[in-house]
Amino acid sequence: MSWHDTRKMLHEDHRWRLTKLLDKAEKQRLFEEHVTALTRRTREMFRRAIDEFVNPVDLMTISWRDARRLIKDDPRFSKFSSSDRVSMFFPVFTLAYSFLT
């Protein structure tokens with residue numbers, strides 16, 4: 001979600017008026033920091049979950065299709081879009097490969 005879209009939603013929230021002490025740039029900076037922290041936390045959660053399901057040695061040879069079969073029933077994975085799952089899987093694969101080589 002972009003800052004522009006979020007700002008529109010925030011204007012409808014009564015708490016938005018409480019932020020008048022902050023200028024626009026500071027509000028946007030805080031929003032972007034928050035989104036970055038959420039993304040980092042989400043990716044870390046995904047990586048830990050992959051570690052529970054796939055042995056690091058197997059990460060070198062497993063396809064996303066096979067990995068998806070292993071993790072599809074775990075409720076943590078339903079929180080991610082399909083494209084997010086794929087994009088987060090390959091960095092885990094790369095990390096595992098770098099430790100084993």
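The values are calculated or read from the model by the stated rules, or taken from the named source; none is laboratory data. Everything numeric in this text was worked out from a predicted model, so none of it was measured. Virtual Cβ from ideal backbone geometry, glycine too; neighbours counted across all protein chains shown.
Scan the range 1-15 and report the pairs whose first residue is at pLDDT 80 or above and whose second residue is surrounded by fewer than 10 Cβ atoms within 10 Å (Cβ to Cβ), with Cβ atoms within less than 6 Å and a gap of 6+ or a chain change.
The qualifying pairs do not exist here.
Given the conditions (1) in a helix (DSSP H, G or I); (2) exposed (fewer than 13 other Cβ atoms within 10 Å of the Cβ); (3) at pLDDT 80 or above, and given that T94 satisfies all but one, which numbered condition is not satisfied?
The single condition T94 does not satisfy is (3).
If you go through the range 1-25 one residue at a time, how many are in contact with a Lys or Arg (Cβ under 7 Å, 6 or more places away or on another chain) and either part of a loop (DSSP other than H, G, I, E, B) or small (G, A, S) (or both)?
To start, the set of residues in the range 1-25 that are in contact with a Lys or Arg (Cβ under 7 Å, 6 or more places away or on another chain) comprises 19.
Checking which are either part of a loop (DSSP other than H, G, I, E, B) or small (G, A, S) (or both) leaves us with none.
So the count comes out to 0.
With part of a helix (DSSP H, G or I) and either among the β-branched types (V, I, T) or modelled with pLDDT of 75 or more (or both) as the only criterion, which of R76, R85 stands out?
Numbers: R85 fails: either among the β-branched types (V, I, T) or modelled with pLDDT of 75 or more (or both).
Exactly one residue qualifies, and that residue is R76.
Considering only residues that are modelled with pLDDT under 70 and outside any helix (DSSP H, G or I), look in the range 50-71 and name the one that is farthest from S83 (Cα to Cα).
So the residue we want is V57.
What residue, among those in the range 64-87 that are farther than 14 Å from T39 by Cβ and acidic (D, E), is nearest to the chain's Cα centre (by Cα)?
Ranking the qualifying residues of the range 64-87, first place goes to D74.
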